[in-house]
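Trainee: The following block contains the structure, expressed as structure tokens.
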Amino acid sequence: MSLKSTQLAIWIIIIYLSVLYTGCSVKNQFSVINFAPLYSEQEKPLITGVRVFHESDSLSRIYVRYRPSSLKYEVKVGSNFNRADYTFSYKIFKNYESKIVLDSGAFRLYDSLYFQNQLSLVYNFSVKTPGLGNWVVELKFSDLNRAAESYYPVQINKSGNENAQDFLLVDENDEVIFEDWINWKTRFRIITTKTNIENLFVDYYDQVFPEASPPFSMAHAPVYQLTPKERFVIKVDNGITDYLQYGREGFFHFRSDTSAMNGFTLFRFHDDYPQMNDDRLLPSPMRYLTTDAEFDAITAAGDSKAKIEKFWIEIAGNESRGLKLMSDYFSRVELANLYFSSYKEGWKTDRGLIYIIFGPPVQVYRRSGIETWIYGDPQKRSNLRFDFLANQNPFTFNDFELIRQPDFKSPYYIAVDFWRR
């Protein structure tokens, strides 16, 4: 399925398409690709969103959102306009460790229309996904003018059980919605190729989840016995729903079969998510840095933002440095929301906690079911390593849990003290 806005962008800029080798054995470097640039504070990732949609039993379509402003435009010999040259390419493997390429392709594009334009473009292409199974896609975006490459890991989940990739969400302009969260202004509809579906059953949950525990805490992770606050049904007509809009906070789990938990989930966090523009939101993330007494003072009745500013100014020693530290800290909170949102806000997750306190990792590696972050020189024994295991969660593919260790206590408090100097 092609959307009109996506088609327009592609018709303007596509030059040629070539499908390459399939079913061959290659030296797979996927499990040793450093994905740290995806979480960088400084770099602007070329790819800002990916969505997979199963179109049939044998084909899945991958939608890729990217920023032309991240590309290098230059004037070519014999021309008088700026042009970007770039390619998308992909390889599909059974898992991160496999050496067998199941399908692959490359697409070369030129663009001269979006020079210095801050909007996002969407490119889409289909891949072969015959039969049932789960696959991983090595998606590469190459800026040819800069000789720069950006890798993005994409999971394809097609195990036979209905999941989020069986549905596509689009807004009022028929633009694909790439995030798993919506705000109160978003009007959207749901598209599926399963035209036999007449109803989607929706469970609404309003639980508020706590922040992550310290990385050295060996207490058992809480087990949530979730009970929907409300259940309702929405109609599906020939694979498309009417436009929907949800104002209340919480999350909405959609299923076509109530006998199983498989389906997809939309999260409705606070207004302006992932930003933290409401002063009432600022106290909670301070929990990671403060003592019990300091946190109680911040959250007591009154102007919490003023109290937070006072906290930062006092530990920094002067106003300008204190406000700069405060700005840096909450920038990390917002980036954690952007990168790590799952069934709870990104800053509350284990990866969000580590990202906020320690900063972006130097190296990030993916293997089947695990993501590893490394701080410091990877060749030295003094480096710090965090392993996050992927949880099987019916509400999200983005739920990773830190393997906690008592040895993390000292480096954690050193990092907290670094913020408080």
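The values are calculated or read from the model by the stated rules, or taken from the named source; none is laboratory data. From a predicted model like this one, the values you see are computed outputs, not experimental measurements. Quick reminder, even Gly has a Cβ in these numbers, built from the backbone with ideal geometry, and neighbours come from all protein chains shown.
Trainee: Can you go through Phe252, Phe330, Phe295 and tell me which one is aromatic (Phe, Trp, Tyr) and either within 28 Å of Asp174 (Cα to Cα) or assigned by TED's automatic domain parsing to the domain that holds Thr193 (or both)?
Mentor: From the options Phe252, Phe330, Phe295, the qualifying one is Phe252.
Trainee: Continuing with this model, one more query. Just to be sure before I move on: is Thr290 under 27 Å from Leu244 (Cβ atoms), among the β-branched types (Val, Ile, Thr) and modelled with pLDDT of 95 or more in the structure I sent? Explain how you work it out, then say what you get.
Mentor: On the way: under 27 Å from Leu244 (Cβ atoms): no; among the β-branched types (Val, Ile, Thr): yes; modelled with pLDDT of 95 or more: yes.
When the stated conditions are applied, Thr290 does not pass them.
Trainee: Report yes if some residue within segment 209-216 is in a strand (DSSP E or B), crowded, with 20+ Cβ neighbours inside 10 Å and within 19 Å of the chain's Cα centre (by Cα); otherwise report no.
Mentor: There is no residue in segment 209-216 that is in a strand (DSSP E or B), crowded, with 20+ Cβ neighbours inside 10 Å and within 19 Å of the chain's Cα centre (by Cα).
Trainee: Taking segment 248-303 as the search range and keeping residues that are of a type in the set (A, V, I, L, M) and within 16 Å of Asn163 (Cβ to Cβ), which one is surrounded by the fewest Cβ atoms within 10 Å (Cβ to Cβ)?
Mentor: Restricting to residues being of a type in the set (A, V, I, L, M) and within 16 Å of Asn163 (Cβ to Cβ), the top hit is Ala260.
Trainee: Looking at the structure I just gave you, is Ser89 in the same structural domain as Leu121 (by TED's automatic domain parsing) and at pLDDT below 95?
Mentor: For Ser89, the condition - in the same structural domain as Leu121 (by TED's automatic domain parsing) and at pLDDT below 95 - is not met.
Trainee: Provide a single number: the residues in segment 61-81 that are more than 17 Å from Asp143 (Cα to Cα) and modelled with pLDDT under 95.
Mentor: So in segment 61-81, the residues more than 17 Å from Asp143 (Cα to Cα) come out as 61-63, 77-81.
In the following step, the residues that additionally are modelled with pLDDT under 95 were identified as 77-81.
Selection size over segment 61-81: 5.
Trainee: Go through (1) free of Cβ contacts under 8 Å to residues at least 12 places away in the same chain; (2) among the small types (Gly, Ala, Ser); (3) part of a helix (DSSP H, G or I) for Ser331 and report which single condition fails.
Mentor: That leaves (1) as the condition not met.
Trainee: So Thr195 ticks every box in (1) surrounded by 12 or more Cβ atoms within 10 Å (Cβ to Cβ); (2) polar (S, T, N, Q); (3) in contact with a Gly (Cβ under 6 Å, 6 or more places away or on another chain) but one. Which box is left unticked?
Mentor: Thr195 satisfies every listed condition except (1).
Trainee: Sticking with this one: Looking at Leu121 and the list (1) out of contact with any strand residue (DSSP E or B) (no Cβ under 8 Å at 6 or more places or on another chain); (2) farther than 26 Å from His253 by Cα, which single condition is not satisfied?
Mentor: Going through (1) out of contact with any strand residue (DSSP E or B) (no Cβ under 8 Å at 6 or more places or on another chain); (2) farther than 26 Å from His253 by Cα one by one, Leu121 breaks only (1).
Trainee: Which of the residues belonging to segment 346-368 are in contact with a Phe, Trp or Tyr (Cβ under 6 Å, 6 or more places away or on another chain) and part of a loop (DSSP other than H, G, I, E, B)?
Mentor: If the condition is that a residue be in contact with a Phe, Trp or Tyr (Cβ under 6 Å, 6 or more places away or on another chain) and part of a loop (DSSP other than H, G, I, E, B), then Thr349, Pro360, Pro361, Val362, Ser368 are the ones that fit.
Trainee: Take segment 246-259 and flag every residue that is within 22 Å of the chain's Cα centre (by Cα) and in a loop (DSSP other than H, G, I, E, B).
Mentor: Tyr246, Glu249, listed by residue number.
Trainee: What number of residues within segment 39-82 satisfy the criterion of being touching a residue at least 24 places away in the same chain (Cβ under 8 Å), more than 18 Å from Trp135 (Cβ to Cβ) and in a loop (DSSP other than H, G, I, E, B)?
Mentor: 10
Trainee: Right, another one. Conditions first: (1) surrounded by 15 or more Cβ atoms within 10 Å (Cβ to Cβ); (2) touching a Lys or Arg at 6+ places or on another chain (Cβ under 6 Å). Val137 passes all but one, so which condition is the exception?
Mentor: Every condition holds for Val137 apart from (2).
Trainee: Picking from Tyr123, Tyr114, which residue would you name as being modelled with pLDDT of 95 or more and either surrounded by 16 or more Cβ atoms within 10 Å (Cβ to Cβ) or within 23 Å of the chain's Cα centre (by Cα) (or both)?
Mentor: Tyr123
Trainee: Here's a follow-up. Quickly run through segment 245-270 and pick out the residues that are of a type in the set (A, V, I, L, M) and in contact with a strand residue (DSSP E or B) (Cβ under 6 Å, 6 or more places away or on another chain).
Mentor: Hit for segment 245-270 is Leu266, nothing else.
Trainee: The conditions are (1) touching an Asp or Glu at 6+ places or on another chain (Cβ under 6 Å); (2) free of Cβ contacts under 8 Å to residues at least 12 places away in the same chain, and Arg187 fails exactly one of them. Which is it?
Mentor: (2) is the only condition that Arg187 fails.
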